[in-house]
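The values are calculated or read from the model by the stated rules, or taken from the named source; none is laboratory data. It should be emphasised that the depicted structure is a prediction, and the values quoted were computed from it without experimental measurement. Note that each Cβ is placed from the backbone with ideal geometry, even for glycine, and that neighbours are counted across all protein chains shown.
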Amino acid sequence: PRPSLGNAGARATPRARARAPDPERDVEKSTAHTRDWIATARTLSEALPYLQRYDGATIVIKLGGHAMGSEEAMADFARDVVLMKQCNVHPIIVHGGGPMINEMLRRLEIRSEFVEGKRVSDAATVEVVEMVLSGRINKRIVQAINTAGGKAVGLSGKDANLMICEKDLATVLRDGAEVTVDLGFVGKPVEMHPEVLHTFLRSDFIPVVAPVAMGRDGETFNVNGDTAAGAIAAAMKADRLLLLTDVAGVKNAEGELLTQITPPQVRELTEAGVIAGGMIPKTQTALDAIDDGVRAVVILDGRAPHAVLLELFTAHGAGTLIRG
Ligand code: X2W
């Protein structure tokens with residue numbers, strides 16, 4: 001690995017420049033806190049091996065609806081993403097927005113239910129899902145990244161045929177018998193066309209993807225955010241898939257956080273019922289992504305300050321790393 005000039009200096013917008021610290025003016029303040037500044041410089045210096053390791057890497061970050069906190073937390077997340085790109089580490093953001101879809105469906109008095117972690121989506125529901133995900137949430141993230149001085153581009157699985165889907169079905173146990181449940185317009189990705197993402201990554205752009213996609217007959221499909229992120233990470237052969245959620249990671253039977261586990265261990269913990277509920281779709285996404293060539297997957301708490309930087313650029317790490 002070598003230090004890369006990457007995109008250095010290419011992207012400071014006038015707004016970002018206006019807010020940048022002024023070394024001349026801040027000199028008095030900095031001498032008053034010399035120790036703090038040395039600690040800051042040391043932190044930056046210690047990041048060097050990580051910056052070298054991830055030089056030119058592709059990192060897919062799934063930002064779940066539960067991990068999207070206040071405006072301040074969103075601004076921090078956006079800054080971290082822009083910092084990554086500035087250091088020649090290429091983020092692709094895939095977002096969810098389950099709680100925000102729930103809220104809009106409630107306002108419109110449309111009832112909604114989940115089967116196996118997936119929202120049963122009739123035509124009216126999928127219309128609302130697309131409006132909320134591709135509209136409100138996608139643009140909120142794009143705006144936050146651009147405010148931090150980045151160049152985000154919002155798209156969904158429909159754009160440039162990024163993700164073609166087929167109807168997904170769920171199999172559940174009812175009265176001891178397996179039954180297939182029709183989830184409506186819930187899609188599973190079956191054909192990926194990631195060229196558009198490669199084009200963005202070669203330039204300064206940061207893609208932000210909403211998990212909505214098209215079927216072969218022109219239907220609109222609602223795709224689970226984790227599933228979409230896994231499919232995109234696999235298609236991009238990403239170095240890392242980070243699943244940002246509202247829990248610390250995978251825990252053992254004693255409730256202790258597991259910092260690193262292998263796919264066979266994930267299967268054991270699932271069979272033993274230790275991995276359960278909402279964690280199952282995440283670990284399943286992780287196993288599929290690793291099978292499909294993603295180097296490692298990390299499940300971590302996106303509400304923790306600077307979770308992404310902590311995971312990528314410090315020895316500390318965060319959450320649970322799953323690697324073969
Ligand atoms: C999800 C898409 C959003 C999502 C939904 O309708 O809620 C399906 O369930 P989170 O915030 O990541 O949970 N789609 C099929 O995944 O949001």
Filtered residues of the range 79-122 (kept if over 18 Å from the mean Cα position of the chain (by Cα) and among the hydrophobic types (A, V, I, L, M, F, W, C)): 87, 104, 105, 108, 110, 114, 115, 120
Subset of the range 200-225 (residues that are within 16 Å of the ligand (Cβ to nearest atom) and assigned to a strand (DSSP E or B)): 208, 209, 210, 212, 213, 214, 215, 220, 221, 222
Number of the exception - residue 214 against (1) more than 20 Å from residue 120 (Cβ to Cβ); (2) surrounded by 18 or more Cβ atoms within 10 Å (Cβ to Cβ); (3) modelled with pLDDT of 95 or more: (1)
Any chance residue 120 is within 12 Å of the ligand (Cβ to nearest atom), surrounded by fewer than 17 Cβ atoms within 10 Å (Cβ to Cβ) and aliphatic (A, V, I, L, M): no
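May I ask you to verify whether residue 229 is of a type in the set (A, V, I, L, M), in contact with a Ser or Thr (Cβ under 9 Å, 6 or more places away or on another chain) and outside any strand (DSSP E or B)?
Yes: the conditions hold for residue 229.
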Condition met for residue 168 (more than 10 Å from the ligand (Cβ to nearest atom) and among the acidic types (Asp, Glu)): no
Condition check for residue 94: modelled with pLDDT of 95 or more, over 17 Å from residue 144 (Cβ atoms) and within 15 Å of the ligand (Cβ to nearest atom): no
Qualifying residue in the range 259-273 (condition: in a strand (DSSP E or B), surrounded by fewer than 16 Cβ atoms within 10 Å (Cβ to Cβ) and not hydrophobic (A, V, I, L, M, F, W, C)): yes
Candidates 111, 106 - the one that is more than 12 Å from the ligand (Cβ to nearest atom) and either assigned to a helix (DSSP H, G or I) or farther than 25 Å from residue 182 by Cβ (or both): 106
Residues that are among the polar types (S, T, N, Q) and assigned to a strand (DSSP E or B), drawn from the range 173-199: 180
Hits in the range 177-199 - residues which are under 20 Å from residue 59 (Cα atoms) and within 16 Å of the ligand (Cβ to nearest atom): 189
